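*Asks:* Below: one structure in structure tokens.
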Amino acid sequence: MAYRKTPAEIARLDAARERLVSCATEVVADVGWSQASVSAVADAAGIAAGSVYQHFPSKAALAVEVFRRAAGRELEVIGEVLHAPGEPVERLSRAVEVFARRALENRGLAYALLAAPAEPAVGAERLEFRRRYRALWAEAVREGMATGRLPEQNAEISAAALTGAIGEVLVDPLGAPEESAVGDLIAVLTTTALRCVGAPRD
């Protein structure tokens, strides 16, 4: 009869895997994808490098899991803002602000998610998450048009423009000293995003 893990063993393995992903996320935030070697992650987790492969078959598999977890959390936060009660354009403005503020509060990880050189598998995940962000922005734009607050437009194209513009505006500041003018940057970015979709000036 095949050996079956006990619930205690499964729980122990799950906890070890979660700790490994958490440590890997911290390493990526600190040194980027290229320097986040299996040895570096293992050192951060206090385990032997070979033990990493008990949970992930390759560095790429671990990197993909790190990206999915971190990017998924950010996408979930923005989705909650966009789906909260309130006027669509105000929610859109708030979502851009929240996205930028969270990125600037965790610059290393944000840069890794947005732009840092990465393995092809991570690059593919990055493209998929950009599509998911575009879908959220497009939904918000369509709601704005339905309420008459935004002019008629191609919501998908506007959403793609928003996705690209927000990321591009943030890339350089993410590498700047943390004491740089965060408030001014967020205000300008939010104004630019609203102008992109044709929101009226208050």
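*Asks:* Once fully extended, how much extra length lies between Arg101 and Gln153, figured as 0.36 nm per residue of separation less the alpha-carbon to alpha-carbon distance?
*Replies:* Length gained, Arg101 through Gln153: 15.9 nm.
*Asks:* Turning to a different aspect of this structure: Mind giving me the nanometre distance, one decimal, between the label points for Ala135 and Ala187, set 7 Å out from Cα along Cα→Cβ?
*Replies:* 3.6 nm
*Asks:* Modelled label-to-label distance, Ala161 and Arg195, 7 Å Cα→beta-carbon offset: nm?
*Replies:* 1.2 nm
*Asks:* Sticking with this one: Which order, highest average first, do 37-48, 100-111 follow once you tally other Cβ atoms within 10 Å for each residue and take the mean per peptide?
*Replies:* Listed from highest to lowest mean packing, they are 100-111, 37-48.
*Asks:* Could you order the peptides 132-142, 118-128 from most to least packed, using the average number of other C-beta atoms within 10 Å per residue?
*Replies:* Final packing ranking: 132-142, 118-128.
*Asks:* For region 70-123, just the Cα set please: Rg and Dmax, both in angstrom.
*Replies:* That works out to 12.9, 40 Å for Rg and Dmax.
*Asks:* Heads up, I need the accessible area for Val182: 1.4 angstrom probe, whole protein in place, Å², nearest 10.
*Replies:* 40 Å²
*Asks:* Over the chain, what is the relative contact order in percent, taking alpha-carbon pairs closer than 8 angstrom and at least six residues apart?
*Replies:* It comes to 22 percent, rounded to a whole number.
*Asks:* Which of the listed residues, Ala121, Val96, Ala71, is farthest toward the dipole's positive end in the chain, when Lys, Arg count +1 and Asp, Glu count -1 at the beta-carbon?
*Replies:* Going by the Cα projections, it comes out as Ala121.
*Asks:* Any idea how far apart Ser22 and Arg73 come out in nm if each label point goes 7 Å out from Cα toward Cβ?
*Replies:* For the pair Ser22/Arg73, the computed spacing is 1.0 nm.
*Asks:* Moving to a separate point now. May I ask you to give the percent of accessible area on the chain that is carbon plus sulfur, with a probe radius of 1.4 Å?
*Replies:* 55 percent
*Asks:* Given that just one value was derived from the coordinates, which of (1) 66, 46, 31; (2) 66, 44, 27; (3) 53, 39, 27 is Cα extents along the principal axes in Å?
*Replies:* It is the value labelled (2).
*Asks:* Right, here's the next one. What accessible area per residue comes out for region 7-196, rounded to a whole number of Å², with a 1.4 Å probe?
*Replies:* I get 50 Å² per residue for region 7-196.
*Asks:* Same structure, new question: Obtain the radius of gyration and the Kirkwood radius of region 89-202 from its C-alpha atoms and give Rg over Rh.
*Replies:* 0.99
*Asks:* Given a Förster distance of 22 angstrom, what is the FRET efficiency for Ala49 paired with Glu9, based on the Cβ-Cβ distance and rounded to 0.05?
*Replies:* 0.50
*Asks:* Okay, moving on. Which chymotrypsin sites (Phe, Trp or Tyr not before Pro) in region 17-106 pass both tests, a DSSP loop state and at most 16 other beta-carbon atoms within 10 Å?
*Replies:* Answer by residue number: Tyr53.
*Asks:* Rounding to the nearest 20 debye, state how big the charge dipole of the chain is about its Cα centre with +1 on each Lys and Arg Cβ and -1 on each Asp and Glu Cβ.
*Replies:* Roughly 580 debye, rounded to the nearest 20.
*Asks:* Show me 74-86, 155-167 ranked by packing, highest mean number of other Cβ atoms within 10 Å first.
*Replies:* 155-167, 74-86
*Asks:* Also: Let's test the formula: R0 of 45 Å, r as the Cβ-Cβ distance of Asp30 and Glu90. What FRET efficiency results, to the nearest 0.05?
*Replies:* 0.80
The values are calculated or read from the model by the stated rules, or taken from the named source; none is laboratory data. Just so you know, these numbers come straight off a predicted model, no measurement behind them. Methodologically, a virtual Cβ is constructed for each residue, glycine included, from the backbone with ideal geometry; neighbour enumeration extends over all protein chains shown. The area values use the complete protein model at the heavy-atom level, side chains included, leaving out ligands, DNA and RNA. Shrake-Rupley method; radii C 1.70, N 1.55, O 1.52, S 1.80 Å.
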